[in-house]
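Here the structure comes first, spelled out in structure tokens, and everything after it is commentary.
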Amino acid sequence: LVKVGVNFATGVPCAVQKYIIKEIEEREEITHIPAVREGEAVGIGAGASMSGKKVVIYMQNSGFLNSIHDISSLLLTYAIPVIFLITWRGCPGDDAVHHKIDGRITLPVLSLLKIKHFIPSPTTIETSVITL
């Protein structure tokens with residue numbers, strides 16, 4: 001993220017992303033403003049992006065699905081660029097039954113919204129982020 005110029009981060013804490021969030025907090029070159037709800041993070045990220053910041057918004061996929069209206073009516077309507085870092089709860093292999101439906105619909109919703117996305121792996125993450 002730093003290599004592609006990210007200098008602003010916001011989002012809703014997620015235990016799966018705790019090490020990434022800790023790294024963001026420790027980076028002097030990244031301004032970090034945690035949010036209470038995902039829609040709030042979208043608003044904060046939109047404002048930062050419109051002021052010239054390169055923004056990452058982190059959240060869990062359930063929060064992404066909760067913030068679809070904020071994303072579609074603000075970020076997508078006005079073509080405000082941000083990078084999302086979304087954990088995929090309910091993905092194949094996740095046995096938490098309460099995440100199954102959200103997990104099943106996350107990728108199709110990203111595609112329907114025409115949000116460019118990828119599933120990172122240790123060998124592809126750097127080149128995937130650089131092409132954003």
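Note down the nm distance, to one decimal, between modelled labels 7 Å out along Cα→Cβ at LYS116 and at GLU29.
2.1 nm
If a/c stays under 1.5 just call it rounded; otherwise compare a/b with b/c (prolate if a/b is bigger, oblate if not). Do that for the stretch 41-89, with a ≥ b ≥ c from the square roots of the Cα gyration tensor eigenvalues.
Oblate is the answer for the stretch 41-89, as a/c is 1.5 or above yet b/c matches or exceeds a/b.
Connecting C-alpha atoms closer than 10 Å in a GNM of the chain, tell me which of GLY52, GLY90, GLY43 has the biggest fluctuation.
GLY52
How much of the pair distance distribution for the stretch 35-132 lies past 15 Å, counting alpha-carbon pairs only, in percent?
63 percent
Sorted by packing (mean other beta-carbon atoms within 10 Å per residue), highest first, where do 103-111, 25-33 land?
The most tightly packed comes first, giving 103-111, 25-33.
For the chain, set up a Gaussian network in which alpha carbons nearer than 10 Å are linked by springs, and say which option among PRO81, PRO92, PRO122 fluctuates the most.
Result for the chain, Cα springs under 10 Å: PRO122 fluctuates most.
May I ask you to give the solvent-accessible area per residue for the stretch 1-56, in square angstrom, as obtained with a 1.4 angstrom probe?
Computed with neighbouring chains in place, this is 56 Å² per residue.
The values are calculated or read from the model by the stated rules, or taken from the named source; none is laboratory data. Everything quoted here is computed from the prediction, not taken from an experiment. Here the Cβ is made from the backbone with ideal geometry for all residues, glycine too, and neighbour counts use every protein chain on show. SASA here: full protein model, heavy atoms, side chains in, ligands and nucleic acids out. Shrake-Rupley method; radii C 1.70, N 1.55, O 1.52, S 1.80 Å.
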